[in-house]
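Where a number appears in this text, it was derived from the coordinates with a stated rule and is not lab data. For clarity, every value in this text was computed on a predicted model and none was experimentally measured. A quick note on method: Cβ atoms are made from the backbone with ideal geometry, for glycine too, and the neighbour counts reach across all protein chains shown.
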Amino acid sequence: MKNLLVIGAGGYGRNVKEIAAACGYEEVDFLDDGNPAAVGTTDQLERFQGMYERCVVAVGNPVVREALAARIQNPGTLVHPTAVVSPSAELGSGCVIEANAVVGCGAKVGAFSYVCAGAVVNHDATVGAYCQVDCNAVVASGTKVPAGTKVCSCTVWTEK
């Protein structure tokens, strides 16, 4: 059975659970420090991760996400079936590419970054690790988003 452990059971975690189901995961459980429905807390990550095929961090704060990601031995990358990722694009480990997102040719998305619904990472753009390209945002071709940056919804990133 294909199973996934999601760290963070908030809004983003619930979204990741639905993406995982669309990707064929049959069992998705959460670790969360404040949700009683989770199977455990983040203090128990090392104990639980061996029970799951892959782990995904679903925490918005990039500093917290990086700290949790450093503890994961089996990161998973999720690409929603309606997303378009060029065969020449590179996705780092632990990335989540949401519904209707586009990652163009030669683009690079760093480890544990999110490309949210409807967002575009255009050709030859680079998104650093632990970033979030929010819904309907565009990272223009040939530009570079520094690690830990959030590109806000409906904006265009043009810094090179």
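Being β-branched (Val, Ile, Thr) and not in a loop (DSSP other than H, G, I, E, B) is the filter here, so list the residues in the range 133-160 that pass it.
Passing the criteria: VAL133, VAL138, VAL139, VAL145, VAL151, VAL156.
Would you pick out the residues in the range 88-132 that are surrounded by 18 or more Cβ atoms within 10 Å (Cβ to Cβ), in a loop (DSSP other than H, G, I, E, B) and in contact (Cβ under 8 Å) with a residue 40 or more places away in the chain?
GLU98, ALA111, PHE112, ALA129, TYR130, CYS131
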